[in-house]
Amino acid sequence: MLVFITKRLLWMIPSLFAISFLAFVLIQLPPGDYVTTYIATLASSNEIVDQNTAAQLRERFGLDQPMIVQYLKWIWGILSRGDFGISFEWQQPVSGLIWERMALTLVLALATLIATWAIALPIGVYSAVKKYSIGDYLFTAFTFLGLAIPSFLLALVLMYVAAVEFGQDVGGLFSSEYETAYWSIAKMLDLLKHIWLPVIILAVSSTASLIRVMRANMLDELPKPYVTTARAKGLSEFRLLVKYPLRIALNPFISTIAWLLPNLISGSVVVAIVLNLPTAGPLLLQSLMAQDMYLAGAFVLLICALTLIGSLISDILLALVDPRIRLE
């Protein structure tokens, strides 16, 4: 396993270089560049930018250089100084913009993961053990609804209910007086007052999906001979379920770690926009629309790195939990 981990870590290096270059190229594929987008924005306000000014802007941002030179300067800055460049649109260091939003994104993602696991695990096991019971049918109907309802539509409905029926302040993760305040116990309590709504919205579809997966996996494991043998030896039903079939059926839950980390940035962009959440997703979308290549490139590079790291963690945990998975 140690050799496997070492090989995976070594393969990450060329993979990240290749993906970062490909992402850098793809970001610049649309016609024009950031200056073109900026000029179009000014033109919509009846402001005209002459060619000399546009050329000066391109020289200032380094957009007058060949793409390969731009990429090499960008990647060298990351490797040598940890500098992801300056955002064209925000005129701030990209590192500050990214990490400013990553903390809240991490809190929201972990809260959603905990809620998803806490609901999906017991319901999935119950539906498998009590197959075709009334409870199983009710939970099946819930999962179908959860999978069918778009997250943004659910967000709009819950925002209306929370605001009109309960007088809840919806939109964002903080009240206006805490948005720019330093972290304190009061700000953390205010975060808890607001975070429940996005957590419910984001957890519904993933919970519904994992319930179906857990039910199917448990139904596959329960009829197997090792379960019958353990039951014949006198194990209690609860201990039997936890020690044997549940351990094997947990694989899909552990596999979610592989997409959880990149989902910190790219996931649920539409919901974040609807709820006005200060997370990484809307900033990524905005940088792509504005062709802010350093900010967008940093996000894409971070997504790729988190995907590789998440896959490695998931593989290691699967090998630890499931004795059938071994590196031959």
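Restrict the check to segment 245-266 and report whether at least one residue is out of contact with any Leu (no Cβ under 9 Å at 6 or more places or on another chain) and without any contact (Cβ under 8 Å) to a residue 12 or more places away in the chain.
no
Report, by residue number, each residue of segment 142-155 that is outside any loop (DSSP other than H, G, I, E, B) and open to solvent by 50 Å² or more (accessible area, probe 1.4 Å).
Listed by number, the residues that qualify are 142, 144, 145, 147, 148, 152, 153.
Of the conditions (1) open to solvent by 20 Å² or more (accessible area, probe 1.4 Å); (2) at pLDDT 85 or above, residue 263 clears all except one; give me its number.
Only one criterion in (1) open to solvent by 20 Å² or more (accessible area, probe 1.4 Å); (2) at pLDDT 85 or above is unmet by residue 263, namely (2).
What single numbered condition from (1) open to solvent by less than 70 Å² (accessible area, probe 1.4 Å); (2) of a type in the set (D, E, K, R); (3) under 19 Å from the mean Cα position of the chain (by Cα) fails to hold for residue 100?
So the condition that residue 100 fails would be (1).
Inside segment 165-214, can you point out the residues that are open to solvent by 40 Å² or more (accessible area, probe 1.4 Å) and of a type in the set (Gly, Ala, Ser)?
167, 176, 184, 186, 205, 209
For segment 34-43, state whether one or more residues are under 21 Å from residue 21 (Cα atoms) and surrounded by 14 or more Cβ atoms within 10 Å (Cβ to Cβ).
There is at least one residue in segment 34-43 that is under 21 Å from residue 21 (Cα atoms) and surrounded by 14 or more Cβ atoms within 10 Å (Cβ to Cβ).
Check residue 194 against each of (1) in contact with a Gly (Cβ under 7 Å, 6 or more places away or on another chain); (2) more than 16 Å from residue 278 (Cβ to Cβ); (3) not small (Gly, Ala, Ser) and name the one condition it does not meet.
Residue 194 satisfies all of (1) in contact with a Gly (Cβ under 7 Å, 6 or more places away or on another chain); (2) more than 16 Å from residue 278 (Cβ to Cβ); (3) not small (Gly, Ala, Ser) except (2).
I'm trying to understand the selection: among the residues of segment 14-24, which are exposed (fewer than 10 other Cβ atoms within 10 Å of the Cβ) and modelled with pLDDT under 85?
None; the set is empty.
Residue 50: touching a Lys or Arg at 6+ places or on another chain (Cβ under 7 Å), open to solvent by 80 Å² or more (accessible area, probe 1.4 Å) and farther than 30 Å from residue 203 by Cα, yes or no?
In short, no.
Quick check, is residue 110 among the aliphatic types (A, V, I, L, M), loosely packed, with under 15 Cβ neighbours inside 10 Å and in contact (Cβ under 8 Å) with a residue 24 or more places away in the chain?
Numbers: among the aliphatic types (A, V, I, L, M): yes; loosely packed, with under 15 Cβ neighbours inside 10 Å: yes; in contact (Cβ under 8 Å) with a residue 24 or more places away in the chain: no.
So residue 110 does not fit the description; no.
The values are calculated or read from the model by the stated rules, or taken from the named source; none is laboratory data. Since the structure is predicted, the reported quantities are computational estimates derived from the model, not experimental observations. All Cβ positions, glycine included, derive from the backbone under ideal geometry; neighbour counts span all protein chains shown. Note: areas computed on protein heavy atoms with side chains; ligands, DNA, RNA excluded. Shrake-Rupley method; radii C 1.70, N 1.55, O 1.52, S 1.80 Å.
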